[in-house]
1. Please state the shape class of segment 399-476: rounded when a/c is under 1.5, otherwise prolate if a/b exceeds b/c and oblate if not, all from the C-alpha gyration tensor.
2. So what's the Cα pair-distance distribution over segment 437-494, bin width 10 Å, in %?
3. Return the carbon/sulfur percentage of the accessible area of segment 335-408, one whole number, probe 1.4 Å, all protein chains in place.
4. Could you list which residues have their amide H under 5 Å from that of Leu465, counting only those 5 or more apart in sequence or on another chain, with H placed in the peptide plane?
5. Mind checking the full-extension length gain between Gln483 and Arg424? Use 0.36 nm per residue of separation minus the Cα-Cα distance, one decimal, nm.
6. Taking R0 as 45 Å, what's the FRET efficiency between Gln106 and Leu277 from their Cβ-Cβ distance, rounded to 0.05?
7. Just to confirm a number: summing +1 for Lys and Arg and -1 for Asp and Glu over residues other than Gly301 whose beta-carbon lies under 14 angstrom from that of Gly301, what do you get?
8. If you add up the charges near Tyr426, with Lys and Arg at +1 and Asp and Glu at -1, over every other residue whose beta carbon is less than 12 angstrom from its beta carbon, what do you get?
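The values are calculated or read from the model by the stated rules, or taken from the named source; none is laboratory data. These numbers come from a predicted model, not from an experiment. Please note: Cβ atoms are built from the backbone with ideal geometry, for glycine as well, and neighbour counts cover all protein chains shown. Note: accessible area is taken over every heavy atom of the protein model, side chains too, but ligands, DNA and RNA are not part of it. Shrake-Rupley method; radii C 1.70, N 1.55, O 1.52, S 1.80 Å.
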Amino acid sequence: MIVSRKTCLRLLGLLLLACSLGFGQTQAESHPNSDSSKPGEHRGDIGINVEQNSSQKKAPEKKISPEEAKALFASVDEIFKFASEDTGFAIKHPVKRELASRDVVQKYVESRLSEDEDAKRLERSEIVLKKFGLLPRDFDLHTFLIGLLREQVAGYYDVRTKTIYLLDWLDAEAQQPVLAHELTHALQDQNYDLKKWSSPGEQREQSDKKDDRFEYDEDEESMARNAVAEGQAMVTLIDYMLRPTGHSLADSPQFGKVMRDAMGKATDSPMLERAPLMLRESLLYPYRDGLDFEQELLSAGGRPLAFVGAFKQPPQNTHEILDPADYLKRAAVPPLPIPDLRSTLGKSYEKYDVGSVGQFDVSVILKQFSDNGASAKLAPAWRGGSYYAARKSGSSKSAIATGDLAILYLSRWDSDNVAEQFARVYREGLTKRYKQVGKPQCLPAETCDRTIVATEEGPVIIERLANSTVLITEGFEPTLQQQLKAKLQSDSEKRVAERDLALPFARCALLQEAMRSVILKNLLRACGPLPTR
């Protein structure tokens, strides 16, 4: 049976409407690098342009009637039952629900911005991302986040209050489809305590004796689990959309490809178009790659494996999300930890941050500084990565610049050939990251195993080590780089990385809620007749 374009557009249109009207009548804060609005131009955010110009008279906002609100509340139970049957997650108890006004949603955004640990960590991670070249040096992340979040947050499930919040300014029919996605999260929460399940490292730290020498590699695992949670919710959303046709994603896998391809399409949103690649890719990751992962599990083992199975035995890192075959084979990639470098760095540097560089991070690095061909070819060969960032002693703690930061990045690959290719791509990408890049100095000249490149922020040293490993330092002098290498090769007490480069973007609940409208806008644009069963 062929699903018509009209049916597809109607269903997607309802979803888009439910997600995109969060703060559409509020003046957006401009991105510092974006063009100013023209007089009389409607300016929306990264989702859909729904804002009215401030000079125009706004029509009074219509509120839903008590009868409509009652019908909307009743639909929660019906959709909750559908989501439970679709996922296999049991309903433990009715989900709490509240009708929220714009003021309530605004307060939610403001409280999450001030309290959400992932939102806070985004700003701490900003300087490290800039040092890696994944954010422009002059990019104002805080201003971008404020402009995005104030406009996009709409209906949502809050894991803190265990409540689904509905909107009092949208009619019931417009809000019902998006509930399939949000109520999937409510079911995950009821069965597995979603907040704890998504942060495995926090559970370990509570049960283990605190030892400052060791830090858990929580972020890669958390990022993988986040993709499972959002991927499952996307499957349920698609199944709810297809319900009138008698089909589901399991028997119509072609629709998953339509959805996945549409997610990555460019939109006419100025804010999203100007966002750095890392930001765009990180926001898409849990939906796009999570959907791919879940669809592979559906194909391999059906719903028991894709839903309950993935929660009981979650993937360990983004490699398993991006390469589900390795997850299914349980081919675990061992961590690539970095020892405590403080004694080697001495008093010249202070530890600033330490973390993972997973396969997802590597794929973005390769896309940004090479081309998609290199990313598709090399990223799957990732077999581990970690970084250590150190701040120069005496530099300002309140206004740290990239020149105040030095980084050590250790990566492992599945062959010496791939390690060499990655080292070359990384070296060639330096011209896109620094203003002043000197001629590479190869040591020894015949093999060029160690390359030193001068920049305005100090030398960048790229060295190929044994076991298909590449050591990169930026900002450390050659003599200190050699001391750090010796420490890496000799220290038996390893410190496991704790922060993944992309995780704050991918896991931040507010950003996820905002991104949903962007995804649905792309789906609406790209949707055509669905393939036959």
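1. It is prolate, given that a/c is not under 1.5 and a/b is the larger ratio.
2. 23, 53, 21, 3
3. Roughly 50 percent of what the probe reaches on segment 335-408 is carbon or sulfur.
4. Val470, Leu471
5. Stretched fully, the Gln483-Arg424 segment lengthens by 18.9 nm.
6. 0.90
7. Net of charged neighbours comes to +2.
8. +1
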